Amino acid sequence: MREPGLWLLFSAGGTLAALFLPVLVAVLWVAPGVGWLEPPAHQALAAVSGGVVGRLLLTALIVLALYHWAHRFRYTLYDGLQLYHLNQLIAALTYGVATVLSVVAVVVVWG
Amino acid sequence: MPETLVLEVRRYRPEEEAEPTWQRYQVPFRREWMVLDALNHIKDHLDGSLSFRWSCRMGVCGSCGMMVNGDPVLTCATYLETLLPGPVRVEPLRGFPVIRDLVGALTDFLVKLRRVQPWIVRETESPPAQGEYRQTPDELAAYRSYAQCINCMLCYSACPIYELEPGFLGPAVIALAQRYNLDSRDQGREARMEVLSEHDGIWACTLVGECSTVCPKHVDPAGAIQRYKLEAAAAWAKALLRPGSGP
Amino acid sequence: MNPAYRRHHPKWHRARMPIFWWLRKWSYFRFIARELTSLFVAYAAVLLLVELRAVGAGPEALARFTAWLRSPPVVALHVVVLLALLFHTLTWLHLAPRAMVVRLGSRRVPDVAVLMGHYGGWLAASGLVAWVLLR
């Protein structure tokens, strides 16, 4: 019975994404891109992403955001395009991609 | 104010036709009339063959739900005046097979409702001599809104997931299960959890939220489902962390 | 509907659900749009990884990444991503009171208060992150 676990991952990911992604996108990508802000210096980013706490938070954010996407997109395909008959395939693809990218995330963040 | 209004009503007579058709009726317009009054005028004066359900005509029995201009409503609670200038499209509630005209088959709902045991389940019965099961106002407040459900099925018609996924229990069933789960006199939480936690039971719900929007009794089934997901997920997590300690 | 009793009632009419049912109503469309924000969540997570890799590779790699960020089509894309993520945040936090019944003692905290608590928490978290990155 995997649905409760998958839903918990989806919820955790959705909450972290809701709380942290807008500010990250705004500060790291939009504001520097438009020219409103200088992007954070290499030193600052290296410091944040180098410490244990920063690494743990980044891992949690990225991995859970990916599983949030996988779960939600899977249901969007089921309901939006009526693709239940491809149930197994869609589940394998979405969670599979999320898992692979999560492994990549761990390697990048902790490597 | 116009004198008349046109209703376009979905007809389905299985003995005559393979597919539903539309039929137009011109009914008098009266400011105090509801859609149900117009339908009864049709049946009484224009076309006695039109079939539809209704009963209390005051929004408590849940019989007269239909799609009016694409929205699921209680026809006894929808003023014709709000639908001017017309024409007004009246169809049977979406999501249910149509038996005839505006009459849908609600069997699926009733079967699913029964499965969640919508009554007080006790493991141990107190003897009558001990008196009633007492409940404080706060304990009543915990489940009160879910007890307002009149089984009108508007939420099922509003829910696209119910139409798409056959195993989905649906908003009212889950809200009614919660009504009993949250009742301090009930001891049936675990029994219901098995049914609710089935693959589609509650997990098919993606919180579209339309069910709560259309509910005429402000039951908020979407809220009931969300709360139950949290509860079911917490129970699952607990069982996972302490294997063998489950129900 | 349970297929088990379709067999016994061949004359009941069952309407088919159109593929584009979500274009039928504004509230359905809004729902699908909300669900599709998950794609932007995934994009942001992946790009974050790309940037972290650039950080790990050194200041030149990060500078290349930053230069890429500045090209107009990328800026336009990221504005769209930001809007989509804000839509996710606002709808997610708006639905939060539905899932929780918060009690202080025996009184239930009103939904508005829970909602304000969530928005406040979001603003605080955002402020903190911005401060950490920009100080």
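The values are calculated or read from the model by the stated rules, or taken from the named source; none is laboratory data. Note that the structure is a prediction, hence the values are computed from the model and not measured. Quick reminder, even Gly has a Cβ in these numbers, built from the backbone with ideal geometry, and neighbours come from all protein chains shown.
On the basis of being more than 8 Å from every other protein chain (Cβ to nearest Cβ), surrounded by fewer than 21 Cβ atoms within 10 Å (Cβ to Cβ) and aromatic (F, W, Y), does C:Y43 make the cut?
yes
Within the range B:72-118, being of a type in the set (D, E, K, R) and touching a Leu at 6+ places or on another chain (Cβ under 9 Å) holds for B:R89, B:E91, B:D101, B:K112, B:R115.
May I ask you to say which residue of C:I19, C:I32 is without any contact (Cβ under 8 Å) to a residue 24 or more places away in the chain, farther than 30 Å from A:L24 by Cβ, facing chain A (nearest Cβ under 9 Å) and not basic (K, R)?
Details: C:I32 fails: farther than 30 Å from A:L24 by Cβ.
Criteria check complete, one pass: C:I19.
As for the range B:29-43, it holds no residue that is among the aliphatic types (A, V, I, L, M) and under 22 Å from C:R14 (Cα atoms).
Run down B:A191, B:A222, B:A172 and say which single residue is under 27 Å from C:E35 (Cα atoms), away from every other protein chain (no Cβ under 13 Å) and assigned to a helix (DSSP H, G or I). The unique qualifying residue is B:A172.
Every condition in (1) in contact with an Asp or Glu (Cβ under 6 Å, 6 or more places away or on another chain); (2) closer than 18 Å to B:L74 by Cβ; (3) within 14 Å of chain A (Cβ to nearest Cβ) holds for B:E165 except the one numbered (2). The C-beta contact set for the range A:76-96 (first residue on the phi > 0 side of the Ramachandran plot, second residue aliphatic (A, V, I, L, M) and part of a helix (DSSP H, G or I), distance under 8 angstrom, 6+ apart or interchain) comprises A:Q82/B:L164. Each residue in the range B:45-68 was checked for being touching a residue at least 24 places away in the same chain (Cβ under 8 Å) and either among the hydrophobic types (A, V, I, L, M, F, W, C) or assigned to a strand (DSSP E or B) (or both), and 9 of them qualify. Filtered by the rule that a residue be surrounded by 22 or more Cβ atoms within 10 Å (Cβ to Cβ) and touching a residue at least 60 places away in the same chain (Cβ under 8 Å), the range A:37-69 gives a lone residue, A:Y67.
If you check C:V50, C:V46 for being within 30 Å of A:V109 (Cα to Cα) and under 19 Å from the mean Cα position of the chain (by Cα), only one passes: C:V46. Scanning the range A:13-53 for residues that are facing chain C (nearest Cβ under 9 Å), among the small types (G, A, S) and over 21 Å from C:E60 (Cα atoms) yields A:G13, A:G14, A:A17, A:A18, A:A26.
B:V88 fulfils the conditions (1) surrounded by fewer than 19 Cβ atoms within 10 Å (Cβ to Cβ); (2) assigned by TED's automatic domain parsing to the domain that holds B:P28; (3) of a type outside the set (D, E, K, R) except for a single criterion, (1). Answer yes or no: is there a residue in the range C:46-57 that is touching a helix residue (DSSP H, G or I) at 6+ places or on another chain (Cβ under 7 Å), farther than 25 Å from A:V63 by Cβ and at pLDDT below 95. No, the conditions are met nowhere in the range C:46-57.
Scanning the range B:118-154 for residues that are within 21 Å of B:G223 (Cβ to Cβ), of a type outside the set (S, T, Y) and surrounded by 15 or more Cβ atoms within 10 Å (Cβ to Cβ) gives B:P118, B:E139, B:A142, B:A147, B:Q148, B:C149, B:I150, B:N151, B:C152, B:M153, B:L154.
Within the range A:80-90, being assigned to a helix (DSSP H, G or I) and more than 8 Å from chain C (Cβ to nearest Cβ) holds for A:Y84, A:H85, A:L86, A:N87, A:Q88, A:L89, A:I90. You will find that of A:L28, A:L93, the residue that is assigned to a helix (DSSP H, G or I) and surrounded by fewer than 16 Cβ atoms within 10 Å (Cβ to Cβ) is A:L93 and no other.
Just one of the numbered conditions (1) modelled with pLDDT of 95 or more; (2) more than 20 Å from B:W203 (Cα to Cα); (3) more than 7 Å from every other protein chain (Cβ to nearest Cβ); (4) in contact with a helix residue (DSSP H, G or I) (Cβ under 6 Å, 6 or more places away or on another chain) is not true of A:A70: (2). Name every residue in the range B:110-159 that is assigned to a helix (DSSP H, G or I), closer than 18 Å to B:P72 by Cβ and in contact with an Asp or Glu (Cβ under 7 Å, 6 or more places away or on another chain), in order of residue number. Matches in the range B:110-159: B:A158 only.
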